[in-house]
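Novice: I'd like to ask some things about the structure below.
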Amino acid sequence: MTTNIVSEKSQHKERKLRDYFTFNTDHKVIGIQYLVTSFLFYFIGGAFAEVVRTELATPDPDIVSPELYNQLFTLHGTIMIFLWIVPAGAAFANYLIPLMIGAEDMAFPRLNAVAFWLIPPGGVLLLSSFLVGAPQSGWTSYPPLSLMSGKWGEEIWIVSVLLLGTSSILGAINFATTILKMRIKDMDLHSMPLFCWAMLATSALILLSTPVLAGALILLSFDLIAGTSFFNPTGGGDPVVYQHLFWFYSHPAVYIMIMPFFGVISEVIPVHSRKPIFGYRAIAYSSLAISFLGLIVWAHHMFTSGTPGWLRMFFMATTMLIAVPTGIKVFSWCATLWGGKIELNSPMLFAMGFVSSFLIGGLTGVMVASVPFDIHVHDTYFIVGHFHYVLFGGSALALFSGFYHWFPKMTGKNYNEGLGQLHFILTFIGLNITFMPMHQLGLMGMNRRIALYDVQFQPLNLLSTAGAYVMAVSTLPFIINVIWSLTKGTQAERNPWRALTLEWQTASPPIIENFEEEPVLWSGPYDYGIDDEEQEEESVSDMLADVSAK
Amino acid sequence: MNIPGNIITLIAGILLTLISLWYGQNHGLMPIEASQGAAEVDDLFNLMMTIATGLFLIVQGVLVYSIFKFRRQKGDKTDGPGIEGNVPLEIVWTAIPTVIVFILALYSFEVYNNLGGLDSETSRDFPQEEMQMAENQNQGKMVAFNPHQGHLSLGIGNANADIEVDVNGIQYAWIFTYPDSGVVSGELHVPINKQIKLNMKAGDVIHAFWVPQLRLKQDVLPGRESTFAFNANRIGDYPIICAELCGAYHGGMKTTLHVESEEDYQKWIQENTFASAQEKADTMAMMTQPMTKESRLEMHSHHLGVNSETLAQLHH
Ligand SMILES: [Cu+2]
Ligand SMILES: [Cu+2]
């Protein structure tokens, strides 16, 4: 089935360092390329955030000019979304999906390489906008402001996001096809790892929503360059239509950014607590439910935009409903931990930190779904706090969890456990000091995207800035750990965690063909503590019978 | 341990409920309430806070308890129990959040309706009668929508207003016009306990009109009108903040809402009726001329209450 692709994979049998700088079609090379590139942009986007937080340490705009301030938060948002979290999710997907399902590569290896190679030009282009005056209308880029504040910076932003969006679409086509078509014979949909389910749901969302963003940006581009009036009110255009199109993509984008990492957490927690994942099907189907609901909630970003009342009520209801499948996941992870044999190593610390802080983002998420409350907090620091708990407390912590979990597999080296734990402690403390005070600031009356604020808000802002510096320091043990482990680290075993998913059945790092011979599926992905002889479904089906009897 | 487990669970449950109920009422995170609507929004928020605190404590409690109770012993290579699920439990934790969000949605609907969010004119693009008229005039054909005509009334609240004020949002100031007296001002003065309706338009980009103490916010759009209705029940000065990114000096787009006694309000209107005619002419003259950023900011500095020191800093 998959043999016709092998020949394309590479010209030689040994993995060479220079492969990582070329148009290589091996999914493992592409996965690493994604991961390294995304982390380079993480440091750039992080540096921008540190400047923004430094500016906000005092109420006056005194560190950078107001224009530069707006450029910095615009690029911070754009980079962290399109060049860090989304490509980092694609990094795991590329590296892990073929290994997890026992395939030799992705379904379309060349398309896969093309998808990656759209990212570096997109990123460099975006940064080059500083030469002509970077965009300053926020990552949301609402017209008419985006049509009025620097034509070329804005156009560069549009082209860059279009490139990155295209990359994302190509990636999604590959993930979905590979998962559906290239599993080894014995692996049906319900015995594949939950990370694959998560990527299936994510891919569907990318394919359905990203083209709409592309359409919106192309029309915006016409308004900007050709002077059309799709969104420009001076020519009879409607700026609110842009908002609908933009959020039709950009709300699902939140799930595009978090669902791959839900998948990561579902892999990490069972392994390090030595228990089967609690409620496999519930977790798998809740991803699909989130995917579907995620498509019909977009106008919750527009409760103050002048949308009709009944429309606001509809979007409130659908948004609140997402709490149900999301809650199922959180409770299932907690139940997996319960009664297990928990090893508190770096992957597990980050995974438990994820559950803890994602929970906060989820709870405030239900609050902001409520229209009357959202009218108060929309466009305030409450929102900034909320989505950083989701995307940093959620996606980023899970990203680090997965990073440590698969580091031995990807590099063949063991990382330093002490540095990993230090990294976790600094990150976890830093993120809570940075983002928790933002909720109160927003409720009290501090709006977002401002360099100049009321003096009464200074103490909490100062605290938040201090937290941002702790987060900056937290990257040091991380960087040192990676460099130290790659150069001085001991050789990693094939399966250091005694995990059951297929990627651990091959060498660390895997050979170019992934597996020496076609891997055998000798257990389910999470059958910890289950003897082969026992009926695995016993308890569940018995209880089902109980329930229906009553 | 001599105390049976279910008694500990019971005590923990009672404690958790008490803490949640207490924190839901005493979080102190909201600013002063200056209207009945604000009080209703706060009641809703307090309920959400109570539920959130409970869920927060349960999940964090499970995590912390697991770290201590279920920690792997050194050298233990065995697995935990092979439990793959529990359908009744899963049904419970699906059903409870469903019920909670159902209640929150209904409650939010009620509060939103009380705020005036579902008033007929605000939830439809055209008022019914005018739509009828337009159809008659065109022999059943719909007229083309003209955003500048002002039929469109979006926003929050549309009840019979005692006082209407026209609001114009421009980079980076708010201008208030009182149509009855012709007063033009950079600050908003309203009498207490009166139904106020703001008819808002933007001159350039999208702004948003936010008064935290009223818990109300509405975008102000170029090319179409939106409304903002409130009834302040507390005398005082409250900030009016632009909440939608509108340019480099977005953070400086602030002014004050003065909620006054009826007498003070009438006095203010009278004092300003004569002065405003001249000021209006000035404003118009300046708005029609092309301006540099500095001169524009300078012009509005008296509206903004920005002192010369901040201005000097902004110029850098
Ligand atoms: Cu959203
Ligand atoms: Cu503004």
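Novice: Rounded if a/c is under 1.5, else prolate if a/b beats b/c, else oblate: with a ≥ b ≥ c from the C-alpha gyration tensor eigenvalues square-rooted, which is the protein assembly as shown?
Specialist: Judged from the Cα gyration tensor, the protein assembly as shown comes out prolate (a/c at least 1.5, a/b above b/c).
Novice: Also, quick follow-up: If DNA, RNA and ligands are ignored and the probe is 1.4 Å, what is the ranking of A:His190, A:His300, A:His376 by accessible area, most exposed first?
Specialist: From most exposed to least exposed: A:His190, A:His300, A:His376.
Novice: Heads up, I need the accessible area for B:Lys69: 1.4 angstrom probe, whole protein in place, Å², nearest 10.
Specialist: Roll a 1.4 Å probe over it and B:Lys69 shows about 120 Å².
Novice: Let me ask something additional. Considering the options A:Leu363, B:Ile156, B:Thr78, tell which one lies farthest towards the positive end of the dipole of the protein assembly as shown, charges being +1 on Lys and Arg and -1 on Asp and Glu at the Cβ, about the Cα centre.
Specialist: Final value for the positive-end residue is B:Thr78.
Novice: Let me ask something else about it. Could you give each residue of region A:219-231 its phi-based ³J(HN,Hα) in whole Hz, using Karplus coefficients 6.51, -1.76, 1.60 with θ = phi - 60°, and x for Gly or Pro?
Specialist: 5, 4, 4, 4, 4, 6, 8, 9, x, 6, 10, 5, 10
Novice: Could you work out the relative contact order of region B:150-260? I mean the mean sequence separation of Cα pairs under 8 Å and 6+ apart, divided by the number of residues, in percent.
Specialist: 31 percent
Novice: Note down the relative contact order for chain A as a percent, whole number, built from C-alpha pairs under 8 angstrom at least six residues apart.
Specialist: 16 percent
Novice: Another one. Heavy atoms of the protein only, probe of 1.4 Å, neighbouring chains included. What is the accessible area of A:Met436 in Å², nearest 10?
Specialist: It works out to around 90 Å².
Novice: On to the next question. Taking all protein chains in place and a 1.4 Å probe, what share, in percent, of the accessible surface of region B:150-260 do carbon and sulfur account for?
Specialist: Percent of accessible area from carbon and sulfur atoms in region B:150-260: 40.
Novice: Still on this structure: Are any of the pairs A:Lys275/A:Lys329; B:Lys194/B:Lys267; A:Lys185/A:Lys413 more than 20 Å apart by Cα-Cα distance, and if so, which?
Specialist: Over 20 Å Cα-Cα: A:Lys185/A:Lys413.
Novice: Just flag the trypsin sites (Lys or Arg not before Pro) in region A:174-228 sitting in loop per DSSP whose Cβ has no more than 15 other Cβ atoms within 10 Å.
Specialist: Passing both the DSSP loop test and the Cβ count: A:Lys185.
Novice: Now, a different point. Between A:Arg15 and A:Ala226, what length comes free when the chain is fully extended (0.36 nm per residue of separation minus the Cα-Cα distance, one decimal in nm)?
Specialist: Value of the extension gain: 71.1 nm.
Novice: Turning to a different aspect of this structure: What dipole magnitude, in Debye to the nearest 20, does region A:23-541 give about its Cα centre under +1 on Lys/Arg Cβ and -1 on Asp/Glu Cβ?
Specialist: Dipole size: approximately 600 debye.
Novice: If you don't mind, another one. Percent relative contact order of region B:1-120, based on C-alpha pairs within less than 8 angstrom and at least six residues apart?
Specialist: 31 percent
Novice: Could you give the distance between the Cα centres of region A:257-335 and region A:454-523, to the whole Å?
Specialist: When both Cα centres are located, 25 Å separates them.
Novice: How much of the accessible area of region A:360-413, probe 1.4 Å, is carbon plus sulfur, in whole percent?
Specialist: Roughly 75 percent, rounded to a whole number.
Novice: So who's got an amide H within less than 5 Å of the one on B:Ala208, skipping anything under 5 residues away but keeping other chains? H placed 1.01 Å off N, in plane.
Specialist: The list, which skips near neighbours in sequence, is B:Val220, B:Ala243, B:Glu244.
Novice: How much accessible area is lost when chains A and B come together, counting both sides, with a 1.4 Å probe, in Å² rounded to the nearest 100?
Specialist: Roughly 8000 Å².
Novice: While we're on this one: State the answer as a single residue: which of A:Leu460, A:Tyr142, A:Trp152 lies farthest towards the positive end of the charge dipole of chain A, with beta carbon charges of +1 for Lys and Arg and -1 for Asp and Glu, about the Cα centre.
Specialist: Result: A:Trp152, furthest along the dipole toward the positive end.
Novice: Let me ask something else. In what sequence, largest accessible area first, do A:Trp504, A:Trp139, A:Trp310 appear using a 1.4 Å probe?
Specialist: Greatest to least solvent exposure: A:Trp310, A:Trp139, A:Trp504.
Novice: Right, next: Return the calculated 222 nm mean residue ellipticity for the protein assembly as shown, to the nearest 500 deg cm²/dmol, obtained by summing -39500 (n - 2.57) across DSSP H runs with n ≥ 4 and dividing by the residue count.
Specialist: -19500 deg cm²/dmol
Novice: With loop defined by DSSP as not H, G, I, E or B, and exposure as at most 12 other Cβ atoms within 10 Å, which is the longest segment of chain A clear of exposed GluC sites (Glu not before Pro)?
Specialist: A:15-515
Novice: Using the Cα centre of region B:150-260 as the reference point, and only Cβ charges (+1 on K/R, -1 on D/E), how large is the resulting charge dipole? Debye, rounded to the nearest 20.
Specialist: My answer is approximately 280 debye.
Novice: Rounding to the nearest 20 debye, state how big the charge dipole of the protein assembly as shown is about its Cα centre with +1 on each Lys and Arg Cβ and -1 on each Asp and Glu Cβ.
Specialist: 2060 debye
Novice: Could you rank B:Trp93, A:Trp406 by how accessible they are, 1.4 Å probe, largest area first?
Specialist: Descending order: B:Trp93, A:Trp406.
Novice: A follow-up question, please. Report the gain in length on full extension from A:Asn495 to A:Thr22: 0.36 nm times residue separation, minus Cα-Cα distance, nm rounded to one decimal.
Specialist: Residue separation times 0.36 nm, minus the Cα-Cα distance, leaves 167.3 nm.
Novice: Choose one of A:Phe403, A:Leu213, A:Leu127: the residue whose Cα lies farthest towards the positive end of the charge dipole of the protein assembly as shown (beta-carbon charges +1 Lys, Arg; -1 Asp, Glu; about the Cα centre).
Specialist: Going by the charge dipole, the pick is A:Phe403.
Novice: Which value, in Å² and to the nearest 10, is the accessible area of A:Val482 when all protein chains are kept and the probe is 1.4 Å?
Specialist: 40 Å²
Novice: What is the average number of partner chain Cβ atoms found within 10 Å of a Cβ in A:377-383?
Specialist: Mean shielding count: 4.
Novice: Quick check for you: with a 1.4 Å probe and neighbouring chains kept, what is the accessible area per residue of the protein assembly as shown, in Å²?
Specialist: 39 Å²
Novice: Give me the one-decimal nm value for the distance between modelled label points at A:Lys185 and B:Glu262, 7 Å along each residue's Cα-to-Cβ direction.
Specialist: For the pair A:Lys185/B:Glu262, the computed spacing is 9.1 nm.
Novice: Calculate the length of the line joining the C-alpha centroid of region B:39-101 to that of region A:142-196, in whole Å.
Specialist: 32 Å
Novice: Can you work out the FRET efficiency for the pair B:Ile3 and B:Phe274, with r the C-beta to C-beta distance and R0 = 60 Å, to the nearest 0.05?
Specialist: 0.15
The values are calculated or read from the model by the stated rules, or taken from the named source; none is laboratory data. What you see is a predicted model, and the numbers here were worked out from it, not measured in a lab. In this analysis, Cβ positions are derived from the backbone assuming ideal geometry, glycine residues included, and neighbour counts consider all displayed protein chains. Note: accessible area is taken over every heavy atom of the protein model, side chains too, but ligands, DNA and RNA are not part of it. Shrake-Rupley method; radii C 1.70, N 1.55, O 1.52, S 1.80 Å.
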